[in-house]
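Structure first, then comments.
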Amino acid sequence: METEKEDTITELLKENNRLLTEISKKLTMTNILAWISFIGIIIYTIGLIFKALNFHIL
């Protein structure tokens, strides 16, 4: 009876760990995408400022 409980707990912990790993991977991907878009917006804004000030980079 005790070993059955222990086995069940072990299985649950393994499953929990797997789910947490999956979630953290997804969060990391989302975080990377968020940073890329954030940097993109900053570059776009700088571009608009230069355009407004009539600076020609190219």
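Before moving on, here are some points about what is shown:
- Cα-centre dipole for the chain with unit charges at Cβ (Lys and Arg positive, Asp and Glu negative), debye to 20: 720 debye
- If the chain linking Ile43 and Arg18 were pulled fully straight, counting 0.36 nm for each residue of separation and taking away their Cα-Cα distance, it would gain 5.2 nm.
- Degrees between helix 2-52 axis and first principal axis of the chain (Cα, 0 to 90, nearest 10): 0 degrees
Only the coordinates and a few stated rules stand behind these numbers; no lab work does. Keep in mind it's a predicted model, so treat the numbers as computed, not measured. Backbone-built Cβ (ideal geometry, glycine too); neighbour counts: all protein chains shown.
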